[in-house]
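Engineer: Once you've had a glance at the structure underneath, I'll fire off some questions.
The values are calculated or read from the model by the stated rules, or taken from the named source; none is laboratory data. These figures come from a predicted structure and were not determined experimentally. Cβ placement follows ideal geometry from the backbone for every residue including glycine, while neighbour counts extend to all protein chains displayed. All accessible areas refer to the heavy atoms of the entire protein, side chains included, with ligands and DNA or RNA removed. Shrake-Rupley method; radii C 1.70, N 1.55, O 1.52, S 1.80 Å.
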Amino acid sequence: MSKSTPRGRKARSLLLAAALGVSFLGHAQSNYQPSQSNLEARKAFRDHGFGIFLHWGLYSTFAQGEWYMTVANINHAEYAKAAAGFYPSRFDADAWVKAIKASGAGYLTITSRHHDSFSLWDTKQSDYNMVRATPFRRDVLRELHDACRRHGLGFHIYYSLLDWSREDYYPLGRTGRGTGRTKHGQWSSYDAFMKAQLTELVRDYDADAIWLDGEWDHDQNPSFDWGFPALYSLIHQLKPSCLIGNNHHGTPHAGEDFQMFERDVPGANTAGLSGQAISKLPLETCQTMNGMWGYKIADQNYKSDTTLIRLLVSTAGRDANLLLNIGPEPSGALPALALDRLSKIGAWMQRYGATVRGVRAGLLPPQEWGVTTQRGKTLYLHILDWSSRLLSLPLTTPVKRVLSYDTQRPIRYQQSRDGLTLSFDQAPSTANAVDYIVQVELR
Ligand code: GLC
């Protein structure tokens, strides 16, 4: 590992702290031992394989994505006035949850409060929320929670660490510098606010997972201390099984229960946000359906269903969940293209879901032709890109039989000490355009 990686830097600062005999305040929930219920929740989380991310809040009303406030340097007091016009007449928690469930996803992750500071629930910590600041007056987080419980979907909650509106989010980070905050309040007040809000989310809204975001806002201020040990132990004390993930783009801090990757599968770094070492925790990759997280009216550039299904398969083959994002419209409707993708993924999942859900990465690492997943002694080869009748794999574990997953008909094979060679009647990529699945029964 190169010396300049975040992990290398962290290791060096830990060594330095130890050498100087100082206590390291860093980012760890010291001596964290996940409870039995937490370990079970991690397993259930991995078994889901697939979840849907929902970015929805006051920012949706501007239809310019969730970063609009800071990108356009909107004064926070002016921005807040939009709440008086936020009346999502088409919001229907059951409709959202049913569409998500039908896609084959096992959980959803909803932005309870994003960087703009607006809260989607009736928080006692601020009137700047869906119930008290909008004419809608409905607690949409409560409605979503109840719908998730009714339909058996996991309920995960995104929570922004950083804030572009509050004066007590001070020192300011590298974003939100142009939103008009001049009176600088105390960090201790902001910290107490976050803890009180997270208490509500975990205790009163029974979050199955908390998805934190924004640590990177202070990445130019390395001495900044977020106080994660106290935050994490608060969450775990309130609900030991609640999974904590933090989108800091690094290797996990102690006290976290899953590791996340933004816009890339684990191990890849095409978006410039990843490349961190992969931990032993459950993994999750989040990705957008179009280009933006929050609703952006000009962005109709949705990935095709084939691309999205292949992304799900590629993620599963790297032992990770896919958290696929939708930015609902200001009216509360899910965009028609998002609904279309959900139903097409759902149709595929009905037929092939068992090869990406409740599985782990297969014993072969990603190959040039695709990936493998595995349940017990059944190995699934997901052939995504191959155009020849013969396929050789470095698989030396003895094989009992090889079948086409679709037809359950045998595929001819030869196994030697070097590996396994399959011979198809027809090259697999033409046989199935999305994902040609081969079922290999191991001895
Ligand atoms: C980034 C963005 C944020 C978004 C998140 C989702 O952190 O800043 O807006 O919510 O990614 O992964």
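Engineer: Gly267: open to solvent by 10 Å² or more (accessible area, probe 1.4 Å), modelled with pLDDT under 95 and in a loop (DSSP other than H, G, I, E, B), yes or no?
Structural biologist: Values: open to solvent by 10 Å² or more (accessible area, probe 1.4 Å): yes; modelled with pLDDT under 95: yes; in a loop (DSSP other than H, G, I, E, B): yes.
So Gly267 fits the description; yes.
Engineer: Considering only the range 117-169, state which residues are within 16 Å of the ligand (Cβ to nearest atom), among the polar types (S, T, N, Q) and in contact (Cβ under 8 Å) with a residue 60 or more places away in the chain. Break it down stepwise before answering.
Structural biologist: Pass one, the range 117-169, residues within 16 Å of the ligand (Cβ to nearest atom): 117-120, 156-165, 169.
Next cut, among the polar types (S, T, N, Q) only: 117, 119, 160, 165.
Correct list: Ser119, Ser165.
Engineer: If you check Glu256, Glu329, which single one turns out to be open to solvent by less than 20 Å² (accessible area, probe 1.4 Å), charged (D, E, K, R) and assigned to a loop (DSSP other than H, G, I, E, B)?
Structural biologist: Working: Glu329 fails: open to solvent by less than 20 Å² (accessible area, probe 1.4 Å).
Sole residue among the options that is open to solvent by less than 20 Å² (accessible area, probe 1.4 Å), charged (D, E, K, R) and assigned to a loop (DSSP other than H, G, I, E, B): Glu256.
Engineer: Hey, could you check the range 296-328 for residues that are more than 16 Å from the ligand (Cβ to nearest atom) and among the small types (Gly, Ala, Ser) and say which is farthest from Gln367 (Cα to Cα)?
Structural biologist: Within the range 296-328, the match that is farthest from Gln367 (Cα to Cα) is Ala298.
Engineer: Going through the range 214-229 one residue at a time, which ones are assigned to a loop (DSSP other than H, G, I, E, B), open to solvent by 30 Å² or more (accessible area, probe 1.4 Å) and in contact (Cβ under 8 Å) with a residue 60 or more places away in the chain?
Structural biologist: Hit for the range 214-229 is Asp225, nothing else.
Engineer: Answer yes if at least one residue in the range 379-391 is surrounded by fewer than 17 Cβ atoms within 10 Å (Cβ to Cβ), outside the structural domain of Leu324 (by TED's automatic domain parsing), under 34 Å from the mean Cα position of the chain (by Cα) and farther than 26 Å from Gly106 by Cα, and no otherwise.
Structural biologist: If we filter the range 379-391 for residues that are surrounded by fewer than 17 Cβ atoms within 10 Å (Cβ to Cβ), which is where we start, we get 385, 387-390.
Subsequent filtering for residues that are outside the structural domain of Leu324 (by TED's automatic domain parsing) retains 385, 387-390.
Adding the requirement that they be under 34 Å from the mean Cα position of the chain (by Cα) leaves 385, 387.
Filter once more, keeping what is farther than 26 Å from Gly106 by Cα: 385, 387.
Taking every residue of the range 379-391 in turn, at least one turns out to be surrounded by fewer than 17 Cβ atoms within 10 Å (Cβ to Cβ), outside the structural domain of Leu324 (by TED's automatic domain parsing), under 34 Å from the mean Cα position of the chain (by Cα) and farther than 26 Å from Gly106 by Cα.
Engineer: A further question follows. Could you give every pair whose Cβ atoms fall below 6 Å, whose first residue belongs to the range 283-300 and is under 17 Å from Asp340 (Cα atoms), and whose second residue is away from the ligand (no atom under 14 Å from the Cβ) and polar (S, T, N, Q), counting only separations of at least 6 or pairs across chains?
Structural biologist: Here the result reads Asn290/Asn301; Gly291/Asn301, each pair linking the range 283-300 to a residue that is away from the ligand (no atom under 14 Å from the Cβ) and polar (S, T, N, Q).
Engineer: Give the residue, chosen from Thr288, Thr307, that is open to solvent by less than 40 Å² (accessible area, probe 1.4 Å) and of a type in the set (S, T, N, Q). I'd like the intermediate steps shown before the answer.
Structural biologist: Numbers: Thr307 fails: open to solvent by less than 40 Å² (accessible area, probe 1.4 Å).
Being open to solvent by less than 40 Å² (accessible area, probe 1.4 Å) and of a type in the set (S, T, N, Q) holds for just one of Thr288, Thr307, which is Thr288.
Engineer: For residues that are buried (at least 22 other Cβ atoms within 10 Å of the Cβ) and within 13 Å of the ligand (Cβ to nearest atom), scanning just the range 230-249, find the one that is nearest to Gln33 (Cα to Cα).
Structural biologist: If we take residues in the range 230-249 being buried (at least 22 other Cβ atoms within 10 Å of the Cβ) and within 13 Å of the ligand (Cβ to nearest atom), then Gly245 is nearest to Gln33 (Cα to Cα).
Engineer: May I pose another question? Among the residues of the range 250-272, write down those that are within 13 Å of the ligand (Cβ to nearest atom) and closer than 23 Å to His48 by Cβ.
Structural biologist: The answer is Met260, Phe261, Glu262, Arg263, Asp264.
Engineer: How many of the residues in the range 83-98 are part of a helix (DSSP H, G or I) and surrounded by fewer than 19 Cβ atoms within 10 Å (Cβ to Cβ)?
Structural biologist: Taking the range 83-98 first, the residues part of a helix (DSSP H, G or I) are 83-85, 93-98.
Still in the list and also surrounded by fewer than 19 Cβ atoms within 10 Å (Cβ to Cβ): 84-85, 94-95, 98.
So the answer is 5.
Engineer: When the range 133-172 is examined, which residues are found to be open to solvent by 40 Å² or more (accessible area, probe 1.4 Å) and more than 23 Å from Trp67 (Cα to Cα)?
Structural biologist: Result: Pro135, Arg137, Arg138, Arg142, Glu143, Asp146, Arg149, Arg150, His151, Gly152.
Engineer: Could I ask something else about it? For the range 137-173, how many residues are of a type in the set (Lys, Arg) and within 23 Å of the chain's Cα centre (by Cα)?
Structural biologist: Here is the first cut: in the range 137-173, the residues of a type in the set (Lys, Arg) are 137-138, 142, 149-150, 166.
Retained after the next criterion (residues that are within 23 Å of the chain's Cα centre (by Cα)): 142, 149-150.
Residues flagged as of a type in the set (Lys, Arg) and within 23 Å of the chain's Cα centre (by Cα) within the range 137-173 amount to 3.
Engineer: Tell me whether the range 368-378 contains one or more residues that are within 20 Å of the chain's Cα centre (by Cα), open to solvent by 10 Å² or more (accessible area, probe 1.4 Å) and in contact (Cβ under 8 Å) with a residue 12 or more places away in the chain.
Structural biologist: no
Engineer: Here's a follow-up. It is to be established whether one or more residues within the range 387-406 are in contact with a helix residue (DSSP H, G or I) (Cβ under 7 Å, 6 or more places away or on another chain), part of a loop (DSSP other than H, G, I, E, B) and modelled with pLDDT under 95.
Structural biologist: Our first condition is that a residue be in contact with a helix residue (DSSP H, G or I) (Cβ under 7 Å, 6 or more places away or on another chain); within the range 387-406, this holds for 387, 405.
Now narrow it down to the ones that are part of a loop (DSSP other than H, G, I, E, B): 387, 405.
Then drop every residue that is not modelled with pLDDT under 95, which leaves 387.
Yes, that holds for at least one residue.
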